[in-house]
Amino acid sequence: MTVTIVGSQLGDEGKGGVVDLYGDAADVVARYQGGDNAGHTVVHEGEEYKLSLVPSGAIRGKTGVLGNGCVVNPRTLFDEIDTLRDRGLDPEIRVARRAHVIFPYHRVLDGIEEDVKSEDDNEVGTTGRGIGPTYEDKAGRRGVRIGDLTDPDVLRERLEYVVPLKRALAEDVLGVEVGEEFDVDALYEEYREYGRRLENEDMLVNAGKFLSDRIDDGENVMLEGAQGTVIDIDHGNYPYVTSSNPTAGGACTGTGLGPGVVGDGEVIGIVKAYLTRVGSGPMPTELAGVEGDTPGYDGDAGEREEELATYIREAGDEYGTVTGRPRRVGWLDVPMLRHASRVSSFTGLAVNHVDTLAGLDEVKAAHSYTLDGEELLTLPATTEQWGDCEPSFRTFDGWPEVDWAEVADEGYEALPEEARTYLEYVSDEVDVPIYAVGVGPGRSETVVRERPF
Ligand code: IMP
């Protein structure tokens, strides 16, 4: 069977920890979208591993697959594999031949376009990893697929077509002088070598066939989404989105498994007990702000809000895994969760960072929005409308700091009563049961109610 893990907010919900927890019972962990824009931290035997491309399950001896919906930067891939090997691990990684390749020119173009947009304060705040430009080339039918790296003639032909186009775009349209990132010969040599390594290490697969064969053999497959619902290119707040589908539909198109297979399994929505955001775009429940990212924020949102935002940011270590940027912080947005659950058909929820909010007098959650005098229970379809939404909050009693490791040991009933009230409110509103509650960074610091495999 499959278990699909989907971020229900804006990314950084703590998916890695849940994948790690439930992944124990999985034989294969596959990513279906995104690339090295996805930071995940896994704590294993006291050691911390920060990964951006390799699926986290690979640290624990599972087969890690990068599905066809992913965009793969081979430099990052081999860097991560080599670093894990240096630390004594031997990850088994397979890469879909149909996945697309991120080249250095994609990263350069990502940076240039963000610079151009920033002149009018329109930048997305991307991770700068070349994700958007690579998916653009995929959709424009001028991309290079991982399988092409193994065929010298095809690789050269594709590069000879696309690289001059990209150079002209950078230099003639965007007016920026570029360098060896746009040199066909240099790219060919380096990427041909990656192709050889992928072949020599037997890493290449037809993802759909590989995964369905494993399922037919009775194995468990976890489908690991990166980013989150509200930065999904279709269901998110366009244009402040990533360029792929983190929602559950992406698990089908991005692996080659059909909706019958994915829908026959479980789909778990990962929720952070509050909300964070990296980069620009609306965030109706935001507390204070981050200069440069929060639209219109001038560094002063009032003492109380600044204090709360700083408290949560520090307690939750809310700094980007990939970029190190401080994350924007706000209260839980329940209309967002209703939207996420509908799009992905959640069968269970995992709510993380419940410990982070401990010690606050009160905790709030946006129950609905008001837009043009009307109450909305879910996200409006345009980003501009979402930016105009006024949240209506429910206020809950805060919960005390307790021995969270002990709570994790004892189970759900050991959670402070106030925290349970908050969690039950969320579960009722979204109409999905809570499978797990994260009360600390390690996977043992999780209250487990259901095991989906
Ligand atoms: P890109 O994916 O680098 O193109 O960035 C597009 C948007 O998605 C930006 O707002 C990023 O901050 C956001 N984003 C991309 N990856 C992540 C992630 O792993 N966590 C949170 N936000 C992300």
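Inside segment 281-325, can you point out the residues that are surrounded by 14 or more Cβ atoms within 10 Å (Cβ to Cβ), among the acidic types (Asp, Glu) and within 16 Å of the ligand (Cβ to nearest atom)?
Matches in segment 281-325: 286, 293, 318.
In segment 12-27, is there at least one residue being away from the ligand (no atom under 11 Å from the Cβ), in a strand (DSSP E or B), not assigned by TED's automatic domain parsing to the domain that holds residue 353 and not acidic (Asp, Glu)?
No.
Across segment 126-150, which residue is surrounded by the most Cβ atoms within 10 Å (Cβ to Cβ) among those that are in contact (Cβ under 8 Å) with a residue 40 or more places away in the chain and of a type in the set (D, E, K, R)?
This residue is 129.
Could you please let me know if residue 30 is in a strand (DSSP E or B), among the small types (Gly, Ala, Ser) and more than 30 Å from residue 178 (Cα to Cα)?
yes
Go through segment 28-64 and give me each residue that's within 17 Å of residue 94 (Cβ to Cβ) and more than 16 Å from the ligand (Cβ to nearest atom).
Passing the criteria: 28, 29, 30, 57, 58, 59, 60, 61, 62, 63, 64.
What do you reckon, is residue 362 surrounded by fewer than 18 Cβ atoms within 10 Å (Cβ to Cβ) and either touching a residue at least 12 places away in the same chain (Cβ under 8 Å) or more than 28 Å from residue 118 (Cα to Cα) (or both)?
Judged against the criteria, residue 362 is a match.
So which helices (runs of 4 or more DSSP H) are wholly in segment 151-238 and hold at least 3 residues that are over 30 Å from residue 24 (Cβ atoms) and touching a Phe, Trp or Tyr at 6+ places or on another chain (Cβ under 9 Å)?
Fully inside segment 151-238 and qualifying: 152-168, 184-200.
Filter segment 282-327 down to the residues that are touching an Asp or Glu at 6+ places or on another chain (Cβ under 6 Å) and at pLDDT 90 or above, then identify the one that is nearest to residue 125 (Cα to Cα).
So the residue we want is 327.
Condition (residue is within 15 Å of the ligand (Cβ to nearest atom), crowded, with 19+ Cβ neighbours inside 10 Å and closer than 20 Å to residue 366 by Cα) applied to segment 248-260: is it met by at least one residue? Quick ask: steps written out before the conclusion?
First, pick out the residues of segment 248-260 that are within 15 Å of the ligand (Cβ to nearest atom): 250, 254.
Okay, now just the ones that are also crowded, with 19+ Cβ neighbours inside 10 Å, so 250, 254.
If we keep only those that are closer than 20 Å to residue 366 by Cα too, we end up with none.
No, segment 248-260 contains no residue that is within 15 Å of the ligand (Cβ to nearest atom), crowded, with 19+ Cβ neighbours inside 10 Å and closer than 20 Å to residue 366 by Cα.
With out of contact with any strand residue (DSSP E or B) (no Cβ under 7 Å at 6 or more places or on another chain) and in contact (Cβ under 8 Å) with a residue 60 or more places away in the chain as the only criterion, which of 236, 269, 263 stands out?
Of the residues listed, the single one that is out of contact with any strand residue (DSSP E or B) (no Cβ under 7 Å at 6 or more places or on another chain) and in contact (Cβ under 8 Å) with a residue 60 or more places away in the chain is 263.
The values are calculated or read from the model by the stated rules, or taken from the named source; none is laboratory data. Bear in mind that the values here come from a model prediction, so they are computed numbers and not experimental data. So basically every Cβ, Gly included, is an ideal-geometry build from the backbone, and we count neighbours across all protein chains shown.
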